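Colleague: This is the structure I have questions about; it appears just below.
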Amino acid sequence: MRPWIGIVGELASRADGTTLELRLSRRYAEAVERAGGLPLALLPLADEEALAELLDRIDGLVFAGADDFDTERLGLGPTHPRAKPVPREKQDFDLLLARLALAQNLPTLGICYGMQLLALAEGGGLHQHLPEDRPGRREHAGGVRHAVQVRPATKLRACTGVATLDVVSRHHQAVSSVSEPWVVAGVDDEELIEAIERKGHPFALGVQWHPELSSDPAQARIFSGLVEAARRQARSRLSPGLRP
């Protein structure tokens, strides 16, 4: 059985400034397909009932990378002047989708913006601009290469099978804290949070870097972990050969 993996991409304004369009790098779909899943691009839905029905029809979920958060809209204070907030339609949709997916135990992977989204959806905090929020620490935008220490006894360690990952950073916002039931699964050598996961969930993992861009087999296994959890999810809720 090849599970259906929904992928949430970016929403961007067209040249006319009034129309939003979906943008999604093929690299996410290719990573899901190599791991044995069937990728499906998801468009924002305004109707919560339709969204719940959508979640009943997919087996796993990927929140892809995107721009920044409108923290004022989240009630977290003024949005940083260097931030480039995603459209409000996307931010609102993503938060609703994340909360519903987590509540339904849907296997979920958040990448970069997607990791920050998962943390914020359940009470986490956000560094709005690095290194300004962490004076004296390294820059993380523009393709900075560094190591991530993968904590033992985590799903990330079980997926990758390694204690250290070599990653490339392309972000200036980052998770500053997580709330229960989330735990930190990986940090860099300056203790910046690089990976999070949700306790008691079949598979809810966020990583700050972009494993879909890496040729490292250990990072490819992050997608394999998602797809395998989605496959188990599908088998547990569907009769053989049937799909909603």
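The values are calculated or read from the model by the stated rules, or taken from the named source; none is laboratory data. This is a predicted model, so every value here is computed, not measured. Neighbour counts run over all protein chains shown; Cβ positions are idealised from the backbone, glycine included.
Colleague: All but one of (1) farther than 21 Å from Thr108 by Cα; (2) touching a strand residue (DSSP E or B) at 6+ places or on another chain (Cβ under 7 Å) hold for Leu165; state the number of the condition that does not hold.
Modeller: Every listed condition holds for Leu165 apart from (1).
Colleague: Here's another thing I want to ask about it. Quick check on segment 96-140: of everything there that is within 17 Å of Val187 (Cα to Cα) and in a strand (DSSP E or B), which residue is nearest to the chain's Cα centre (by Cα)?
Modeller: Gly110
Colleague: Related question: Which ones in segment 80-95 are of a type in the set (D, E, K, R) and either surrounded by 15 or more Cβ atoms within 10 Å (Cβ to Cβ) or in a helix (DSSP H, G or I) (or both)?
Modeller: Once the filter is applied, which keeps residues that are of a type in the set (D, E, K, R) and either surrounded by 15 or more Cβ atoms within 10 Å (Cβ to Cβ) or in a helix (DSSP H, G or I) (or both), segment 80-95 yields Arg88, Glu89, Lys90, Asp92, Asp94.
Colleague: Could you look through segment 121-175, keep only residues that are surrounded by 14 or more Cβ atoms within 10 Å (Cβ to Cβ) and hydroxyl-bearing (Ser, Thr, Tyr), and pick out the one that is nearest to Leu76 (Cα to Cα)?
Modeller: Here the answer is Ser169.
Colleague: Quick check: is even one residue across segment 110-132 aromatic (Phe, Trp, Tyr) and over 26 Å from Val227 (Cβ atoms)?
Modeller: Checked segment 110-132: no residue is aromatic (Phe, Trp, Tyr) and over 26 Å from Val227 (Cβ atoms).
Colleague: To continue, here is another question. Which pairs have Cβ atoms under 9 Å, sit 6 or more apart or on different chains, and link a residue in segment 19-43 that is assigned to a helix (DSSP H, G or I) to one that is hydroxyl-bearing (Ser, Thr, Tyr)?
Modeller: What qualifies is Arg34/Ser224.
Colleague: Can you find, within segment 52-79, the residue that is modelled with the highest pLDDT among those that are outside any loop (DSSP other than H, G, I, E, B), of a type in the set (A, V, I, L, M) and over 18 Å from Leu24 (Cβ atoms)?
Modeller: Filtering segment 52-79 for residues that are outside any loop (DSSP other than H, G, I, E, B), of a type in the set (A, V, I, L, M) and over 18 Å from Leu24 (Cβ atoms), the one modelled with the highest pLDDT comes out as Leu55.
Colleague: Okay, next question. Does segment 229-244 include one or more residues that are basic (Lys, Arg), at pLDDT below 95, out of contact with any Pro (no Cβ under 6 Å at 6 or more places or on another chain) and assigned to a loop (DSSP other than H, G, I, E, B)?
Modeller: yes
Colleague: Can you tell me which residue within segment 181-200, out of those that are free of Cβ contacts under 8 Å to residues at least 40 places away in the same chain and more than 17 Å from Leu109 (Cα to Cα), is surrounded by the fewest Cβ atoms within 10 Å (Cβ to Cβ)?
Modeller: Glu191
Colleague: Could you tell me which residue of segment 40-51 is modelled with the lowest pLDDT, considering only residues that are more than 19 Å from Ala103 (Cβ to Cβ) and surrounded by 12 or more Cβ atoms within 10 Å (Cβ to Cβ)?
Modeller: Ranking the candidates gives Leu43 first.
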